[in-house]
Each structure stands twice: as structure tokens, then as C-alpha cells.
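The structure under discussion appears below in the form of C-alpha cells.
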Amino acid sequence: MTTFGRRQFLAGLCAGSCSYALAPRRLMAETSPPRVVALEWRYADNARSLGIIPVGIADLAEYLKQASVDRKVLEAAGTMDMGRRQEPSLEAIIAAKPDLILGVKFRHERIQPQLSQISETVLYNYTQTGNGKSDQLELMIDELRQFGEKIGRSDAAKNAIGGLDGFLAKQAGRLASKYGKPQRIVFAQFPGGVNNVRLFTSHSLPVRLLDRLGLENAWEGPSEGFGFTTVGPERLLTLGDVTFLGVAVGSDNSYTRLAKNPLWQGLPFVRSGKFVALTDVDWPFGGIPAAQAFTGKITEILLQG
Amino acid sequence: MSISSSDEERFAWRAAMIAACVGIALGLVYLHAAAGIDGSISTILNSIFSAQVNDPAGMMLHYLRLPRTLAAILTGACLATAGTLFQAATRNPLASPGILGVTAGAQLFVALVAVVPAFALIVPHTLAATMGGLVAGGITWLVSGGSGAGPVRIALSGMAVSLMAGAAAAALALLDETSGASLNLWGGGSLVQTDWSASVGALIGFLPAFLVTLIFARQLDILLLGDDTARMLGQNLLLVRGVALGLGVWLSALAVTLAGPVVFVGLVAPNLLRLAGVSRHILVLPLAALVGIALTVGADLLVLLLSASTIELPVGVPIALVGAPVLVMLAWSQARESRATSEFAGRYRTPSAFPIVSSSVFLIMLLITAGLIGLVSGNRLMSPSEVSAFLRGAAPVDLHQILEWRALRVTGAALGGALLGLSGLLLQGVIRNPLASPELIGITQTSGLFAVVVLLLFPEFGFLGVQAGAIAGGLGAAVLVAGLGLRQYLAPSAMALIGLGLAAFTASASTAFVIVAGFQASQAATWLAGSTYGVSAKDLIVLAVALFCLIPVAYFLLSVTDMLGFGRQKASSLGLNVQVTEWAHLLIGALCASVVAATFGPVSFVGLMAPHAARLLNPGRYRDLLAASVIIGAALMMIADCLGRTLFAPVEIPVGLMTAIIGAPFILFVLRRA
């Protein structure tokens, strides 16, 4: 009895001391997050979804202008600018002392060896899915889930994804209660300095998000690699009576140019007041925060309209 | 009798040609207006002045399609007329708006308006392209010495202005990715219109200018006889050339405003007519305008038809496809017929400012200083103590890593600059023109084009494939230029003209390629501008091996370069095998430049500046210039790279853009001197 008791006691002591020795370390892992450098904005979003403020973000000044970004939080955390997204400053990245670098293939594959020398590097496909029919929303969610597994925050990722699902379902419900049947929409960008328009395909991220709001995409064109088709204004005539969501940036773009044309006033969706002009503040290509800001904004507009 | 019958024949041939031009142009215009719309001729005609409100086809015709058709017509007419004028005024069949810097100037101003808000206050959007074109054209003209300048000089100056403006525009696009994206879209050319204002504005600008050119048609004919003959016939050369160049710049700026940089029409249209045997300008001008219209409208028709089913192609692409074979044909006929006068590199007669010893001390100091500055500056300024800790190997890890990469880039820049300096020296020696350099005779651009093509079409060959492609491209360009230009009876400057044509073509071809491939704008700009970003130790080894193998070869070659300067006959009577010598110079020069292009991408102006700076420092024989050119080239490149990394840190400007921007004042200075 006593020996057993002593053994039990010793085992207990051992286990206790071990757990005592290990516990703070596990706690440490949860409290001190990895230092993440995001070379494309979506991955800064993903890190934020998991409760991590990146130590470095490329094109930081522009990122801070996003509707989904709380400027003060990032400024308080001392996030640093890493230079352009295309050729980020390797020196700035080293100075940020990252544990993990997140980039995209089409921009950063060329410097992958250099980035890997600095720290562990993950490169994603982003929206460049070629002409394939891969769902860009699923891709974004997958990227977040994998990122969560990688840094041991799967639960946070699951929560964030669940949060997005819930958010989208709620907005979709609000829209459905107002409109009843699904609205037909087109999502477009008006690039600056030219007269063309980019219409987004059914598999692109913004349109997939709008689809989750219960809206139906009315544009069936081929993807040019990043999920949109570039068309001349003549093609707008073929769209019919849809709700047209267009992003126009700056003072000279194809929207400011087209809007002067009497034909524009004659377009069905302009005549029936179903044209919505957006700015790039509501950027639909990011992670979950951007997606929520974007869909929230669209819902508000459609509920008012 | 026989004379009158041949006259009749000629008359019939001309009438047939005019009828054919008019018929084809009108037919294409109709097809363009009606493409994809069920509209009869009468509907189209009715829709010109007003829209049929209840008819969707009529609405579309009036508000979108017909403005586009008019834009296509005017773009073709303006460019063809401008090309005719430039070619007559410079007596150079390869002169065109693209080569004279007008297009790049227009692009720069459009970029400035888009990116710099303050600039938009001075220059309105609608006038940006026109003003940019006029400014760049004006600079080209002033720099080349005004209307008295020879054709080669005007063309080379124009190319230099093009490169500078293009680099500045690309740098702006990189600094602002959002606007940069659309600058790139604009870069491929598009005739899509959103209302009548641009087309009608261009029409108002075109008609009086065209009338004036018709009035001057006879003077243009006389100009083609040569300056001396023209002067004897009582021509006011200054006036005629001034009017021709001024109107040419005006017309090409109009076209650029409408369509973006669509350059080949101006090159192709007048030359097609010349090949068909039309030479009098009173006929050439209207017919060229018709051919230009047919080309542009036809190309845009193709774009329209494609966009209905697949993608919206930049209109510059089909035009470039037609332009390429015509360019090659021209280069051939040019090589056969050119009587271009040779422009010997004016020797700098300044008394030697530095004796040999002090100049070599100066050069070594320059090299070391440039290297140290490059090492110290970057995203964060390093203190001398940190640098010395690094050099002793005692720096902390991350500091060590930063400085190691800086050292790689600085060394890479130095090696590349040295190779470019060497290349420029050899090329200036063989072409005997102070403006000869790898980027002005098309070697750099062709390397870049081949690299892009390999990257897009054969990605499986990886980086080695891209490098091999770039070197093959550079050497291919040299072989083409030399094969066409190195003839016994040709002035060496003919080679420069052929090279210029090649440079203009390959540069726009790679832009078109990059756009069609659907690159993101900043990605494309990065590929089209040379950069030391991400250079690896392996690259440095390639550069170093190339440099140290080629320097002895160049040293050997440069001993006879001065003889080439006496002219071919004298040189060969002195016992020199001129042909072999010239080929060797060209190929080694091209090899140097294309190794650099293979590693960094296109870097311009270093090859141009270094030999001139060497001459300023210590004028002498070519062989004496070798060390100075190489060292100055290295220093220039290190300084440009350092500025690019430091000025807007952490945003980096590629070294290829910095060298072009820094090169501007220097080239202006050299041109004024020469």
C-alpha cells in the first residue's frame, strides 16, 4: 500500500513538476504571438482575424485607408511600412525581425530564396487563379484556415470563419426580407485614365461574397487571370436591368468619363437608379475584415436604395 | 508617243492606287461602324448628328461607336501625316512619332497628371498628352540642334528623350500602384471613346494642320533632294523644316491624346507608299493618311470583333504585328539606299584637366566612395562603426544580413556598370557617333523583349532560360544591326538608324506582350525596368567572369579603334581588316550589354554616359579611355542604385529608371557640346 502510495506520490510529484515546468511555456506560446510580416494586404487581414497585429505591412499608408482597418490599433502596435507590395524592401523586412513572412506567388516567388533566408515564408495564390474555375472565396477561407493551423490558432480561425458566415447570413436575411427574390448584380471596377470597364466573373472574390448575400451575378465572361473581364462601354448595354456596383478611384476614370455620355443616362440600371458608385476604401480582395466591411457597406446601400 | 503612253500608264496606275486606297479605307470604316450592330448605311449616317432616341442601335451608334470610329480615322490620319512629315524633314525613312520622343513625352505628362495632384492643377487632363508630346518634341528638336541637324542626330536625340520620359513615367507608376495600374492599360493604346468631345477636338486640330502640310507639299519634295540642292533652289530650310517638324509633333500629340501610344502607323503608312513608287508629297500626304486610316480602323475592327467573344486587346498589338515586317523590309531597303552622312565623334579638344596620376587617384577614390556610400545608405542609414563592424565580421545577425545584401547589390551594380561602360566605349568606337550606346541601337531593348518572351512562353526553362534568352536577344540585335548596316558603301551611322528602328519596335513589343499576358501593372513595370533587386551571389559570379574575360579582349580591340575613326578606306590602307574589326567591336559590345540585361533587365544611359565622362576627364585614344570608362560606369551605376534604394525608402526605384533620370541632364550637356 505504502509503496504504491509512494509511487503514486512520486508520479504525481513528477507530473506536477512537469506540468508546472511546461505550463508557463504553453502559456507563453499563446500570449506572445509570432511576429508576422504581410507583403500583401489580405494576409495582414488574416493575421488580424487571428488576433495578431503584423509587425510589418507592405504599402502600409494605403492599407491604413481601408474601411476595415482601425488606424489607431496599428499605429499603437508600431506596425512598420515594408515598401511596395511588388518589390518590398528586404532591409525593412529584416529590421522588422519577423518569425513568419506572408506573400503572394505572382509577386514574391522571385525573391523567395531571399525571404526564406530571413525567416519562414509562405506564398499564396491570392486572386491569381488563372482561367480556372476555382472559387476565390473558398481559396481565401482555406488560406486563413491553413494559416491558423500553422501558427496553432485553428480555433481562432474557425471562430473568424464562423463569424463571417454568421455575418453574411444575417446581411442576406436583411436583404431577403426587403427584396424577397434575389437581385441581379454586376460588380465592376472603373480603371483610371482609360475608357474600359472591368466586370468581375462569378468565381471572383467580390462576386462570391455578393452571392452569399443572396445576390445573383449577371456577368458571364471569361476571366483574364485575376477574376475579371475587361470590356468596352458598349458591352454595358447588354447587361440589362441589373444592380450595378462600380468602384471608381480618383478624378479621372472610366466612370467619370462615361457619366458625361447621354447614353449612360439611358442605361437601364442608371435610369432605374440601380447604379452604385463605390470607392476603393471598401476593398473586396482582402481577408475576413475586408469582406465584412465590403458586404456590410453593400447591404446598407441596397437597404437604403 | 512612247513617252505619252508611259505617262498614261503611270496615270492609270496612280488612279487605280488612289481608288484602291479610298475604297479600302471607306470599306473598313463602314465595317468598323457597323460591327456587332444591325445598322444600315442610312442608320449610320443619320446617327452621326443626332441619336434616334427610341432605337438602341442608333443610341449606341451615336454615343459610343461613331466617336470611336472617328477616333480611329483621326488617329490613323494624324499618325500617317506626322510620320510623312518627320521622314521628309529628317530625310530618314525610319523617323516616326515613337522615335522622336513625342509618344513617351505624352505618356509622361499623362502619368504626372494622374499621380501628382499639383501637376493636375497646371495641366488639365484633356491637354496632358498634347502638351507632353509638344514639350518632348520641342526638347528633341532643341537638343539635336534645331532644324539644321542631320537625320541621325535628330533620331538619336529623340530616342534619348524617349528613354528619359519613359523611365520617369515608369517610376511614377511604381510609386503609386493604384494609378499605375491604369497607366499600364493606357500604355497599350485604346480607341474606346466615351463621348464625342475628344474625337471632335482632334478633328478640329487635324484639319487646319493637314491643309498647311498640303500647302507645303512641294517644299517637302525639294527637301528630299538634300540640303545643298534645296538651298540652291532657294528654299528656306529653317522655315520648311521647322514647319514640318512642328506640325508633325502637333499631329502625333493629337493622336496620342486619342489613342495612347500607337506608334507604328506613322512608320508604316508613308513607307508603304514609297515602296509602291509614290514619291511626290502632294500625293503621298493624302494617300498616306488613307493608308493610316485603313491600318488603324482595320486594327480596331479586329479589336472590336475579338472583344465581342474573348478579350479586349490593346489596339497597339495588331498594329505592331503589321509594323514588324514592314520595319524589317525598311531596314533592308534603307541599308541598300542610305546615303546618310557619317557623324564622327567630335574629339574633345579640352586640354587635359588632370595628369594621368591625379586622374587615376581620382578614379579610385570615386570607386571607393561610391561603394561606401552605397553600403551605408538604404532603408536605414548605417553609421561608420556599424559598417566597420560588418567588414570585420563582428556585426549582429540582422545587421550582418542587411549589410551583406547591400554589399551584394553594390557589387552587382559596380560589375554591371563596368560592363555597360565597356559596351558603350566599343559601340561608340565602331559607330563613330557620340550617341551610340547599347540602348540607342536596340541591344538592351531586344534583350529585354527576349527575356519577357521566354518568361511568358517557356516558364519551364526558369531563370537560366530567361538569361540565355536575353543574351541571345542582345547578340541577335547586334547581328541584325551589323548585318544590315555594315556594308562597304554605307556610312556607319546607317547602323544607328537601323538600331533605332529596332529599339523602338522591341520596346513597344515587350510592353504589348506584358499587357496581353495580364501581368499586374507593378509586376510588369518591374520587368521592364532594370533592377538590382534580389540579385544573388550566382549572378555576381556571372557578371564578374564576363567582365574579367571581356576586358582583355576589349583592350586588344581598342588598340585599333582609333584607326576606324579615320574612315574605312584609310583604315584598310593602313592594313586593318575593317570588316572583322567592326564586327568584333559590335559583338563584344553587345555581349557586355546583354549580360547585364540578362541579370538586371534593361539599364540605359550608363553605357552612353561613361565613355563621355571618361573623355571629359582625360581625352585620349580609345585604349586610354578603357579604365576610366569601366570605373566611371561602375561608379555611376552604384550611385544610381544607391539613390533608387534610398530616396523613397522603403519604396525602391529600380536602378534602370534612376540611370535614365540622372542621365537626362548629362546627355543634354554632351549634345550641346558636340
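Out of (1) in contact (Cβ under 8 Å) with a residue 60 or more places away in the chain; (2) within 13 Å of another protein chain (Cβ to nearest Cβ); (3) basic (Lys, Arg), what's the single condition that is false for A:Lys297?
A:Lys297 satisfies all of (1) in contact (Cβ under 8 Å) with a residue 60 or more places away in the chain; (2) within 13 Å of another protein chain (Cβ to nearest Cβ); (3) basic (Lys, Arg) except (2).
Does B:Arg409 meet the test of being crowded, with 18+ Cβ neighbours inside 10 Å and not hydrophobic (A, V, I, L, M, F, W, C)?
It is true that B:Arg409 is crowded, with 18+ Cβ neighbours inside 10 Å and not hydrophobic (A, V, I, L, M, F, W, C).
Yes or no, residue by residue, for (1) at pLDDT 95 or above; (2) more than 31 Å from the chain's Cα centre (by Cα); (3) assigned to a helix (DSSP H, G or I):
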position	(1), (2), (3)
B:Val535	no, no, no
B:Val553	no, no, yes
B:Leu558	no, no, yes
B:Gln569	no, yes, yes
B:Val580	no, no, yes
B:His585	no, no, yes
B:Gly589	no, no, yes
B:Ala593	no, no, yes
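Taking only the stretch B:210-229 into account, find how many residues are outside any helix (DSSP H, G or I) and either surrounded by 18 or more Cβ atoms within 10 Å (Cβ to Cβ) or on the phi < 0 side of the Ramachandran plot (or both).
Residues that pass the stated criteria total 3.
Every residue, every condition in (1) closer than 30 Å to A:Gly266 by Cβ; (2) assigned to a helix (DSSP H, G or I); (3) at pLDDT below 80; (4) of a type in the set (A, V, I, L, M), yes or no:
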| position | (1), (2), (3), (4) |
| --- | --- |
| B:Ala128 | yes, yes, no, yes |
| B:Trp141 | no, yes, yes, no |
| B:Leu172 | no, yes, yes, yes |
| B:Val200 | yes, yes, no, yes |
| B:Pro208 | no, yes, no, no |
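In the stretch B:291-328, what residues are part of a helix (DSSP H, G or I) and modelled with pLDDT under 70?
Correct list: B:Ala308, B:Ser309, B:Ala324, B:Pro325, B:Leu327, B:Val328.
Tell me, yes or no, whether the stretch B:593-609 has at least one residue that is away from chain A (no Cβ under 14 Å), surrounded by fewer than 24 Cβ atoms within 10 Å (Cβ to Cβ) and among the aliphatic types (A, V, I, L, M).
No, the stretch B:593-609 contains no residue that is away from chain A (no Cβ under 14 Å), surrounded by fewer than 24 Cβ atoms within 10 Å (Cβ to Cβ) and among the aliphatic types (A, V, I, L, M).
On the basis of being over 15 Å from B:Val430 (Cα atoms) and assigned to a helix (DSSP H, G or I), does B:Val542 make the cut?
Answer is yes for this residue.
Determine the pairs where a residue that is modelled with pLDDT under 85, located within the stretch B:229-251, has a partner that is of a type in the set (Lys, Arg) with Cβ atoms under 9 Å apart, the partner being 6 or more residues away or on another chain.
Note: pairs meeting the criteria are B:Leu237/B:Arg231.
Taking only pairs six or more apart or across chains, which ones have beta-carbon atoms under 8 Å, a first residue in the stretch A:82-109 that is under 22 Å from A:Glu143 (Cβ atoms) and more than 10 Å from every other protein chain (Cβ to nearest Cβ), and a second residue that is surrounded by fewer than 20 Cβ atoms within 10 Å (Cβ to Cβ) and among the basic types (Lys, Arg)?
Listed by first residue and then by second, the contacts come to A:Pro98/A:Arg35; A:Asp99/A:Arg35; A:Leu100/A:Arg35; A:Leu100/A:Lys150.
Name the single residue, out of those in the stretch A:194-211 being in a loop (DSSP other than H, G, I, E, B) and touching a strand residue (DSSP E or B) at 6+ places or on another chain (Cβ under 7 Å), that is nearest to B:Met59 (Cα to Cα).
Among residues in the stretch A:194-211 that are in a loop (DSSP other than H, G, I, E, B) and touching a strand residue (DSSP E or B) at 6+ places or on another chain (Cβ under 7 Å), the one nearest to B:Met59 (Cα to Cα) is A:Asn196.
Could you list, in sequence order, all residues of the stretch B:18-69 that are within 14 Å of another protein chain (Cβ to nearest Cβ) and among the aliphatic types (A, V, I, L, M)?
Residues satisfying the conditions are B:Ala33, B:Ala34, B:Ala35, B:Ile37, B:Ala51, B:Val53, B:Ala57, B:Met59, B:Met60, B:Leu61, B:Leu64, B:Leu66.
What are the residues in the stretch B:249-277 that are closer than 30 Å to B:Arg10 by Cα and either of a type outside the set (A, V, I, L, M, F, W, C) or surrounded by fewer than 19 Cβ atoms within 10 Å (Cβ to Cβ) (or both), if any?
Residues satisfying the conditions are B:Gly266, B:Pro270, B:Asn271, B:Arg274, B:Leu275, B:Ala276, B:Gly277.
Would it be correct to say that B:Ala395 is hydrophobic (A, V, I, L, M, F, W, C) and at pLDDT 85 or above?
no
Are there helices (runs of 4 or more DSSP H) fully within the stretch B:365-462 with at least 3 residues that are touching a residue at least 60 places away in the same chain (Cβ under 8 Å) and among the aliphatic types (A, V, I, L, M)? List them.
B:397-431, B:443-457
Within the stretch A:212-264, count every residue that is assigned to a strand (DSSP E or B), modelled with pLDDT under 80 and more than 8 Å from every other protein chain (Cβ to nearest Cβ).
The qualifying residues number 0.
Run B:Gly644 past the list (1) more than 14 Å from chain A (Cβ to nearest Cβ); (2) crowded, with 24+ Cβ neighbours inside 10 Å; (3) within 19 Å of B:Leu543 (Cβ to Cβ) and report the number of the one that doesn't hold.
Unmet for B:Gly644, out of (1) more than 14 Å from chain A (Cβ to nearest Cβ); (2) crowded, with 24+ Cβ neighbours inside 10 Å; (3) within 19 Å of B:Leu543 (Cβ to Cβ): (1).
Yes or no: the stretch A:267-277 includes at least one residue that is aromatic (Phe, Trp, Tyr), within 12 Å of chain B (Cβ to nearest Cβ) and not in a strand (DSSP E or B).
Looking for residues that are aromatic (Phe, Trp, Tyr), within 12 Å of chain B (Cβ to nearest Cβ) and not in a strand (DSSP E or B), one finds none in the stretch A:267-277, hence no.
The values are calculated or read from the model by the stated rules, or taken from the named source; none is laboratory data. The structure presented is a predicted model; accordingly, all values stated were derived computationally and were not measured. Glycine gets a Cβ as well: all are built from the backbone with ideal geometry, and neighbour counts include every protein chain shown.
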